[in-house]
Amino acid sequence: MKAKILELMQREGLKPGQLAELLDISPAVISHILSERNKPSLDLLCKILRRFPQINPDWLLLDSPHMY
């Protein structure tokens, strides 16, 4: 999941703090995911899909090759 969060940030031109702000979560949540300390919760994945409706849910959740 770390790679997908990083790819999302890269493609959308976001830094970790900016992504956290857009998702209305603590920057520590993103930091812990990127350091692989924690895995994203279902709630966080839903927030990502709501905030970025252009993202293919199958890419985020099921490893489909197409992000958009």
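The values are calculated or read from the model by the stated rules, or taken from the named source; none is laboratory data. Everything quoted here is computed from the prediction, not taken from an experiment. Neighbour counts run over all protein chains shown; Cβ positions are idealised from the backbone, glycine included. Protein only, heavy atoms only, side chains kept; ligands, DNA and RNA dropped before computing areas. Shrake-Rupley method; radii C 1.70, N 1.55, O 1.52, S 1.80 Å.
At 1.4 Å probe size, with the rest of the protein present, what percent of the exposed accessible area of the chain is carbon and sulfur atoms? Numbers along the way, then the final one.
Working: 2310 of 4420 Å².
The C+S portion of the solvent-accessible surface of the chain is 52 percent.
I need the fraction of alpha carbon pairs in the chain separated by more than 19 Å, rounded to a whole percent. Can you show the working numbers first?
Values: 480 of 2278 pairs.
Pairs farther apart than 19 Å: 21 percent.
Given a Förster distance of 25 angstrom, what is the FRET efficiency for R37 paired with E7, based on the Cβ-Cβ distance and rounded to 0.05?
Details: r = 19 Å, r/R0 = 0.78.
So, using R0 = 25 Å, E works out to roughly 0.80.
At 0.36 nm per residue, minus the direct Cα-Cα distance, what do S26 and L45 gain on full extension? Give it in nm, one decimal, please.
The span from S26 to L45 would gain 5.4 nm if fully extended.
Taking θ = phi - 60°, what integer Hz values does the Karplus form 6.51 cos²θ - 1.76 cosθ + 1.60 yield along the stretch 52-61, in sequence order, with x for Gly and Pro?
With the stated coefficients, the stretch 52-61 comes to 10, x, 6, 6, 6, x, 5, 5, 5, 9 Hz.
Using the heavy atoms of the protein chains and a 1.4 angstrom probe, tell me the accessible area per residue for the chain in square angstrom.
Ligands and nucleic acids excluded, the figure is 65 Å² per residue.
Given the rule -39500 (n - 2.57) for each run of at least 4 DSSP H residues, summed and divided by the residues of the chain, what is its mean residue ellipticity at 222 nm, to the nearest 500 deg cm²/dmol?
Result for the chain: -17500 deg cm²/dmol, rounded to the nearest 500.
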